[in-house]
Ligand code: AHR
């Protein structure tokens, strides 16, 4: 058994818990939309064909914003194909995922789904094959009340009220050579700036996200952000970051420490954005939209699009089955995002259904929660108030990718009004349980009301439709309180939530 200590003090506030940290992402990719969200033959389908069982799971997951419609897909997408009478909508080839796009679901259906699911839509425009005009047309279609060609078309299509979409992504991963219409930082920075300027002429209070790097391993990482923000600093609000992690070559120790990489990624982008700010003598700060993050086994065969003459509709793509270690990493990545709440103002777990997703479906059949569902849902539900900077004293172990890393990582949130304190912690040791002592001396008297742990002696266990409850976070029976100290045992490869309320 290892031992670790955490000191929490209500005075050390990082910033507010932001609802938008708990966003997700729906792309026209594989079975995310078709047979995921949308399955007209399903017994729970609504008039639009959206599955009610999936909506219920999305609500339970606690998702706030949903980015749409891509992803790589958006860089070849004509949004006009997806509006109006369904029978007249063109069927197109989707080059990004070598699939056939039937356009049965488009912006109007997505916004209706989002309202039903209680999430805020976050729209991406195509800056790959298209540009300023098409972005303006889509904005007019969505947000202008009426009396113009595009807004009247929306009303004629059944949406009397504007969609009122505030957050817009200016393209997707334009730094990536795989992206249709890939650009240099200079080319993209100019286009993003001019698109943003024009969109603001239509609606000044938009929240605009410029594309940052599609990964911190990109050769242009850092320089991309510097050049793009050099062009677009004054007209955008956020810069994006994307990161996917997986266990490679059996190196579980490094995989479990993936949040170390996310911490460094965020801090590097913040440093770059602030350097641009200093050089421009600007006062406003640019914040981060970490709008694609997750575990993704990118080298697995299921991640490869079809090829040749095969252009299927909604093929099985990127359907990773997540195990307990994956869920611990997801929980730890959320800890990293929360810890940086002063600069990470939005984030999207990529993706929501079937495609590297916490929610899985059978076409016409069952839906279930993957292991990664649980740390996300519990963090989204219980993180509230302010994020606190905490001090962790934990033993370190060696990893091939990140050198020495602490076995324990954690973050706390605190609601001064109610006195509620919540601690989210992971044990990244592969073999050793950790006896954790949480020192709460800075708080008025608190009592433990809930301690749950997600762990399994077999960390490779993953949920199926038949057995999705085996690894639900379970009460942590070792949690005890002694005055200002709470003691809890964290099993190896585990995620834990500890919730305390003011004692009455
Ligand atoms: O989420 C899957 C893909 O990952 C997205 O389409 C793309 O933006 C990223 O490379």
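The values are calculated or read from the model by the stated rules, or taken from the named source; none is laboratory data. Quantities reported herein were computed from a predicted structural model and do not represent experimental measurements. When we count neighbours, we look across all protein chains shown, and the Cβ atoms used for this are built from the backbone with ideal geometry, even at glycine.
Which of the residues spanning segment 319-336 are within 16 Å of the ligand (Cβ to nearest atom) and either at pLDDT below 95 or in a helix (DSSP H, G or I) (or both)?
Going through segment 319-336, the residues within 16 Å of the ligand (Cβ to nearest atom) turn out to be 319-320, 322, 326, 330, 333.
326, 330, 333 - these are the residues of segment 319-336 that are within 16 Å of the ligand (Cβ to nearest atom) and either at pLDDT below 95 or in a helix (DSSP H, G or I) (or both).
Which strands (runs of 3 or more DSSP E) sit wholly inside segment 62-101 and have at least 2 residues that are under 18 Å from residue 37 (Cα atoms) and under 22 Å from the mean Cα position of the chain (by Cα)? First the steps, then the outcome.
Numbers: elements: 65-68, 92-94, 99-101.
Output list reads 65-68.
So in segment 7-32, with the set limited to residues that are within 16 Å of the ligand (Cβ to nearest atom) and under 17 Å from the mean Cα position of the chain (by Cα), which one is nearest to residue 441 (Cα to Cα)?
Going residue by residue through segment 7-32, those that are within 16 Å of the ligand (Cβ to nearest atom) are 23-32.
Now drop any that are not under 17 Å from the mean Cα position of the chain (by Cα), which leaves 23-29, 32.
Numbers: 23: 34, 24: 37, 25: 40, 26: 44, 27: 46, 28: 50, 29: 50, 32: 47 Å.
For segment 7-32, the residue satisfying everything is 23.
Kindly provide the set of residues from segment 162-177 that are away from the ligand (no atom under 11 Å from the Cβ), under 21 Å from residue 205 (Cα atoms) and either without any contact (Cβ under 8 Å) to a residue 40 or more places away in the chain or part of a loop (DSSP other than H, G, I, E, B) (or both), ordered by number. Spell out how you get there, then give the answer.
Here is the first cut: in segment 162-177, the ones away from the ligand (no atom under 11 Å from the Cβ) are 162-168, 170, 177.
When the remaining residues are screened for being under 21 Å from residue 205 (Cα atoms), the result is 162-168, 170.
Once the filter is applied, which keeps residues that are away from the ligand (no atom under 11 Å from the Cβ), under 21 Å from residue 205 (Cα atoms) and either without any contact (Cβ under 8 Å) to a residue 40 or more places away in the chain or part of a loop (DSSP other than H, G, I, E, B) (or both), segment 162-177 yields 162, 163, 164, 165, 166.
Just for segment 39-61: of the residues that are surrounded by 21 or more Cβ atoms within 10 Å (Cβ to Cβ) and touching a helix residue (DSSP H, G or I) at 6+ places or on another chain (Cβ under 6 Å), which one is farthest from residue 358 (Cα to Cα)? Show your work before the answer.
Here is the first cut: in segment 39-61, the residues surrounded by 21 or more Cβ atoms within 10 Å (Cβ to Cβ) are 39, 42, 50-51, 54, 57-58, 61.
If we keep only those that are touching a helix residue (DSSP H, G or I) at 6+ places or on another chain (Cβ under 6 Å) too, we end up with 50, 58, 61.
Numbers: 50: 18, 58: 9, 61: 9 Å.
Among those that are surrounded by 21 or more Cβ atoms within 10 Å (Cβ to Cβ) and touching a helix residue (DSSP H, G or I) at 6+ places or on another chain (Cβ under 6 Å), it is 50.
Looking at (1) within 16 Å of the ligand (Cβ to nearest atom); (2) surrounded by 24 or more Cβ atoms within 10 Å (Cβ to Cβ), which is the only condition residue 243 fails?
(2)
Exactly one condition in (1) part of a loop (DSSP other than H, G, I, E, B); (2) within 23 Å of the chain's Cα centre (by Cα); (3) more than 16 Å from the ligand (Cβ to nearest atom); (4) surrounded by 19 or more Cβ atoms within 10 Å (Cβ to Cβ) is not met by residue 128; state its number.
It fails just one condition, (3).
Inspect all residues belonging to segment 46-58 and state whether any of them is modelled with pLDDT of 95 or more, within 16 Å of the ligand (Cβ to nearest atom), within 18 Å of the chain's Cα centre (by Cα) and more than 21 Å from residue 303 (Cα to Cα).
no
Could you name every one of the strands (runs of 3 or more DSSP E) located completely within segment 342-406 that has at least 2 residues being touching a helix residue (DSSP H, G or I) at 6+ places or on another chain (Cβ under 8 Å) and on the phi < 0 side of the Ramachandran plot?
Here the list reads 344-350, 359-361, 367-369, 396-399.
Would you mention how many residues in segment 296-318 are within 12 Å of the ligand (Cβ to nearest atom) and buried (at least 20 other Cβ atoms within 10 Å of the Cβ)?
3
Any chance you could count how many residues in segment 213-240 are touching a strand residue (DSSP E or B) at 6+ places or on another chain (Cβ under 8 Å), within 16 Å of the ligand (Cβ to nearest atom) and in a loop (DSSP other than H, G, I, E, B)?
Going through segment 213-240 one residue at a time, the tally reaches 4.
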